[in-house]
Amino acid sequence: MHTELDKLTTARSFVDTTCTRCGRCEKGCAFLKAYGTPGEIARKIRDIPHDQWPNPFECSLCGLCGAGCPESLRPDEMFLEMRRTREKAGALALKPYAPVLNFEKRGDSERYSLIKLPEGGDTVLFPGCALPASRPKTVRRLFQALQGTMPDMGVALGCCMKPSHDLGRTEFFEERFGRLHDALVAAGVKRVVTTCPNCQKVFSLHGGAISTTTAYEMLADSGFAPSIIDGGEAVIHDPCPQRYDGAIQDAVRTLARRSNIKIAEMENTREMTRCCGEGGMVKFVRPEFADRWTDQRRMESQESRMLTSCAGCTSFLGGPVAVDHVLDVLFDSKPRFALKGPFASIVRLKLKRWFQKTIS
Ligand code: SF4
Ligand code: SF4
């Protein structure tokens with residue numbers, strides 16, 4: 001069995017020996033600009049204790065460095081192993097992450113969770129945490145649209161535990177996600193339909209026998225036609241966890257076109273998309289690095305409206321520039337104001353009750 005240290009040693013030495021230190025990945029990344037190329041970091045951490053390493057919790061784990069690397073390296077995997085090693089050594093302070101960990105805990109709790117599958121069904125919509133807490137109307141309308149093509153579709157409300165995964169809390173993540181996975185299997189679920197890029201990534205990497213697809217692909221493939229036609233213009237912002245998922249990116253563009261939106265591509269798109277600033281929860285420990293990503297992406301939009309498929313990206317990028325979630329556009333359900341604190345909790349509980357009543 002590989003220990004955390006073995007995995008880090010393997011990743012570190014591969015990056016050290018393969019990285020040519022060309023510096024291409026440093027462009028735009030405040031973390032690499034501060035600490036050096038991935039190869040330099042790999043060499044540096046070889047001989048020094050972990051408390052003197054460049055802080056891996058300041059890397060957004062966005063994967064952009066790998067997407068543009070001529071050597072096809074994936075430095076973000078090494079930075080995640082560095083996080084895991086530090087966590088294993090007891091050097092991860094959880095306090096700065098309290099807001100996101102409390103959100104995760106709520107999503108994972110019995111009070112907010114639900115698995116409901118009609119007889120004969122094997123597929124559930126898994127809307128994650130952020131969408132139900134910010135857009136309950138969107139979730140309801142999406143579910144009804146999906147039910148139109150799949151009447152025995154069920155729902156699973158819960159948390160995919162991506163924050164703990166990205167903080168390197170491996171044992172905790174495996175225990176909690178494993179519990180969710182086992183509950184889904186016990187209920188007869190064979191496929192989950194996600195809306196959130198983070199849930200999609202977790203289920204595709206750790207879902208085992210449970211297969212996964214996205215609501216965007218299902219809607220696009222079923223010929224779904226929105227009843228409201230937007231008719232405006234937008235640039236597409238691809239969420240970074242899905243930078244290699246061309247089919248999901250295509251589906252989002254197809255759906256936007258069906259709303260008669262004239263879409264344009266941003267300077268850095270698809271595989272080369274940029275983080276919105278939320279990645280890796282860097283905002284809690286090195287806000288200026290996270291803000292750099294947000295500012296860059298807003299600038300790249302050139303003041304055009306952005307359209308995305310991630311509730312997190314929508315709220316991180318929104319404010320000074322217009323950003324819409326593609327599902328809000330399709331279902332004419334854009335929230336009139338941001339739901340926060342106890343209001344977000346109440347709407348989640350109401351949504352849970354709606355599903356309990358709606359699915360027989
Ligand atoms: S782009 Fe690749 S080879 Fe060049 S410095 Fe970055 S990780 Fe190293
Ligand atoms: S922030 Fe993104 S581009 Fe920079 S090192 Fe981390 S994964 Fe790579």
Just checking, how many residues over the stretch 278-293 are within 12 Å of Ala30 (Cα to Cα), assigned to a helix (DSSP H, G or I) and touching an Asp or Glu at 6+ places or on another chain (Cβ under 7 Å)? 2
Residues that are within 11 Å of ligand 2 (Cβ to nearest atom), over 30 Å from Phe355 (Cβ atoms), touching a Pro at 6+ places or on another chain (Cβ under 7 Å) and outside the structural domain of Leu131 (by TED's automatic domain parsing): does the stretch 63-72 have at least one? yes
Test Gln296 against the criterion of being assigned to a loop (DSSP other than H, G, I, E, B), polar (S, T, N, Q) and not assigned by TED's automatic domain parsing to the domain that holds Cys62, and give yes or no. no
By residue number, the members of the stretch 73-84 that are without any contact (Cβ under 8 Å) to a residue 60 or more places away in the chain and more than 8 Å from ligand 2 (Cβ to nearest atom) are Leu73, Arg74
Listed residues Ser333, Ser304, Ser315, Ser345; which is open to solvent by less than 10 Å² (accessible area, probe 1.4 Å) and polar (S, T, N, Q)? Ser333
Scan the stretch 27-43 for residues that are more than 7 Å from ligand 1 (Cβ to nearest atom), in contact with a helix residue (DSSP H, G or I) (Cβ under 8 Å, 6 or more places away or on another chain) and on the phi < 0 side of the Ramachandran plot and report the count. 10
For Val282, which of the numbered conditions (1) within 16 Å of ligand 2 (Cβ to nearest atom); (2) under 18 Å from Val323 (Cα atoms) fails to hold? (2)
Residue that is out of contact with any Asp or Glu (no Cβ under 7 Å at 6 or more places or on another chain), under 28 Å from Phe172 (Cβ atoms), within 14 Å of ligand 1 (Cβ to nearest atom) and open to solvent by 20 Å² or more (accessible area, probe 1.4 Å), where the choices are Glu77, Glu71: Glu77
Within the stretch 24-110, considering only helices (runs of 4 or more DSSP H) that don't extend past its boundaries, which have at least 1 residues that are farther than 25 Å from Cys160 by Cβ? 30-35, 38-46
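The values are calculated or read from the model by the stated rules, or taken from the named source; none is laboratory data. Just so we're clear, the structure is a prediction, and the values are computed from it rather than from any experiment. Every residue, glycine as well, gets a Cβ built from its backbone with ideal geometry; the counts of neighbours run over all protein chains shown. The area values use the complete protein model at the heavy-atom level, side chains included, leaving out ligands, DNA and RNA. Shrake-Rupley method; radii C 1.70, N 1.55, O 1.52, S 1.80 Å.
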